[in-house]
Amino acid sequence: MIRYTLACEAGHGFESWFPSSEAYDEQVARGLVTCPLCGSAEVGKGMMAPAIARGGRATPPSEVPAAAVPMQPQSGPVALSAEPDRRLRAMMRAIREHVVKTADDVGDRFPEEARRIHYGEVDSRPIYGEASPQEARDLIEEGIAVAPLPIAPDDRN
């Protein structure tokens with residue numbers, strides 16, 4: 001993987017990862033690399049700091065400092081990703097909001113309450129809550145339909 005520091009024609013700087021330099025060239029030629037701030041496809045490589053091998057090991061990409069790219073000062077909110085990503089996050093948020101509005105939050109009692117509903121011990125109703133991965137697998141093995149409730153990355157920040 002290669003991390004490139006990029007800049008658009010408006011001077012917005014950002015970084016992106018590519019499988020190879022050829023993949024970068026191909027994606028730029030097809031107009032697939034766009035500025036997350038203004039959407040411009042007129043993108044070029046900026047100054048970059050190379051990964052330097054030390055003692056037979058390459059410096060991990062997370063430890064390689066990115067060189068400064070001249071950037072225009074931003075006065076408004078900063079776009080973090082391309083339009084398809086924003087639409088996906090919006091759909092995930094809408095799903096979550098719908099479930100929260102229409103279902104009962106049973107918290108960490110979710111596995112027990114799902115079983116009670118499945119086996120007819122209580123009236124059927126939509127619920128959501130928390131379950132460990134093992135608890136979710138156990139419910140699925142019992143034939144109880146469960147699904148993770150999507151949390152948008154924005155909700156975690």
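Laboratory data are not the source of any read-out in this text; all were calculated from the coordinates shown. Just so it is clear, the structure is predicted and the values come from calculations on it, not from any experiment. Every residue, glycine among them, receives a Cβ derived from its backbone with ideal geometry; neighbour counts consider all protein chains shown.
For the reader, a short list of remarks on this structure follows.
- Classified by the C-alpha gyration tensor, region 99-147 has an oblate form. Its axis ratio a/c, with a ≥ b ≥ c, is 1.5 or above, and a/b does not exceed b/c.
- Put simply, the amide H of GLU130, placed in the peptide plane, has neighbours under 5 Å in GLY107, ASP108, ARG109, PHE110, leaving out anything fewer than 5 places away on its chain.
- Gain on full stretching of the segment that runs from ALA145 to THR102 - 0.36 nm per residue minus C-alpha separation: 13.7 nm
- The string of couplings for region 129-146 from the Karplus curve (6.51, -1.76, 1.60, θ = phi - 60°) is x, 10, 8, 6, x, 5, 4, 5, 4, 4, 4, 5, 4, 7, x, 8, 6, 9 Hz, one whole number per residue in order, with x for Gly and Pro.
- Residues with amide H under 5 Å from that of LEU6, placed H, sequence gap 5 or more: PHE14, GLU15, SER16, GLY46
- Cβ crowding within 10 Å averaged over residues, with 19-30, 3-14, 34-45 ranked highest first: 3-14, 34-45, 19-30
- Under-5 Å amide H pairs with ILE144, H placed in peptide plane, nonlocal only: none
- Contact order for region 93-147, expressed relative to its length and based on alpha carbon pairs under 8 Å spaced 6+ residues apart, stands at 36 percent.
- The phi torsions of region 90-107, fed into the Karplus equation with coefficients 6.51, -1.76 and 1.60 and a -60° offset, translate into couplings of 5, 5, 4, 5, 5, 4, 4, 4, 4, 5, 4, 6, 10, 10, 8, 7, 9, x Hz, rounded to whole numbers, with Gly and Pro shown as x.
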